[in-house]
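S.K.: Let me begin by handing over the structure; questions about it come next.
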Amino acid sequence: MSVMTNQWRGRLDPLYRPDMPRRAPEPLASPIGKAIEPVLLVDDDADWCHECAFTLQMLGYEPIIALDPERALEVFLNQDVSIAIVDYNMPGQDGITLIQELTRNAEALGRKLHFIMATGYATKDLAVDAMRASAVDFLEKPIRQVDLQIALQRIDALRDEPVARDDLIDKMATLSDELHRLSRLIHEPQGPAAPAAPPPVAQGPFSASPSGPSAPQEAVEPPVPQEDMTAFIRDQLKKEARKREIGQGELFGDPAWEMLLDLLLAKIEDRQVSVSSACIASGAPMSTALRLVRRLVSEGVLFRVPDEHDRRRNFLVINPKFEEPLIAHLSEQVRADGKKAAG
């Protein structure tokens with residue numbers, strides 16, 4: 001008499017006993033040293049998504065389900081997803097268009113996203129369109145586990161070589177920089193040692209320094225109260241929004257400035273801002289805002305901070321080197337407005 005395993009019982013129970021809740025499968029062990037990778041599933045058919053999610057869990061992946069293109073874009077922006085399985089037939093937006101949109105967003109953020117196209121109505125023309133949209137594979141429903149596994153392995157093979165090459169280039173660049181630094185140190189002329197600085201002279205309220213009476217220290221402005229700074233930033237954001245409306249969001253807006261103001265306000269209010277939220281706050285079209293985020297991160301103005309509770313997700317914060325002068329600039333404006341109001 002054969003014995004049914006727990007995994008197969010979990011798959012067959014929903015068929016023979018639909019009243020029983022479906023039990024999550026036990027995922028297969030991931031390769032040693034490799035973390036469980038998330039995979040984005042995009043399809044308006046919830047039943048098929050759950051079946052495919054079951055297969056992905058069996059293969060050692062973590063499925064994330066999106067039942068519409070809007071949710072798919074939100075997941076991609078806020079989580080570290082590099083594989084997406086997209087259904088072709090969806091209401092409102094077909095899978096090819098969604099793949100193209102996600103690809104543009106990935107390029108704007110400097111990220112890699114690999115696609116697998118799925119459909120229940122496979123045709124030669126559709127397969128060609130999927131390949132032109134950079135889909136790695138084209139699978140017909142119902143998708144067999146072995147076919148899905150081969151497609152995922154093909155993605156791994158595509159990623160391994162570029163990653164290894166990029167690592168080698170980074171190491172070579174680091175080594176080259178270190179060699180140049182050592183070369184400058186070796187060939188730098190060694191001049192006479194600088195004279196030792198004179199010992200400090202005790203300064204009192206009426207004492208004189210060697211060069212004459214001590215100069216009065218410049219008065220330090222007290223910090224602007226937090227509630228005044230918060231109100232000022234909110235007012236600035238409202239003014240920027242009105243400026244955008246004049247040119248319908250294209251001519252008179254300053255998305256970088258609005259993004260920085262929103263991030264600074266978030267810090268004052270002790271809240272975190274995701275990439276998608278920062279893009280929305282900029283007031284620019286999503287593709288433009290994503291390119292702006294990538295540029296600000298690459299130039300060190302913004303930092304990506306991993307979510308402590310979900311390592312796949314990143315938040316944006318302002319680099320302290322830029323945050324301090326930004327606060328000083330805004331504080332001067334708050335004080336100037338206060339003086340005008342008092343006068």
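Coordinate-derived values only; no laboratory data. Worth saying up front: this structure is predicted, and the values here are computed from it rather than measured.
S.K.: Going by the alpha-carbon gyration tensor, a ≥ b ≥ c the square roots of its eigenvalues, is the stretch 226-342 rounded (a/c under 1.5) or, if a/c is not under 1.5, prolate (a/b greater than b/c) versus oblate?
M.R.: Details: a/c = 2.03, a/b = 1.29, b/c = 1.57.
Cα axes put the stretch 226-342 in the oblate bin.
S.K.: Something else now. Express the relative contact order of the stretch 226-342 as a whole percentage, based on alpha carbon pairs under 8 Å and six or more residues apart in sequence. All intermediate terms of the calculation are to be shown ahead of the outcome.
M.R.: Numbers: 113 pairs, mean separation 25.7, N = 117.
Contact order relative to length: 22 percent.
S.K.: Here are some pairs, 243/339; 238/340; 112/267; 239/321; 267/339; which of them have Cα atoms lying more than 23 Å apart in this structure?
M.R.: Working: 243/339 26 Å; 238/340 21 Å; 112/267 30 Å; 239/321 26 Å; 267/339 26 Å.
Among 243/339; 238/340; 112/267; 239/321; 267/339, the Cα-Cα distance tops 23 Å for 243/339; 112/267; 239/321; 267/339.
S.K.: Given H placed on each backbone N at 1.01 Å, which residues far from residue 302 in sequence or on other chains put an amide H within less than 5 Å of it?
M.R.: Amide H neighbours of residue 302, under 5 Å, 5+ apart: 297, 319.
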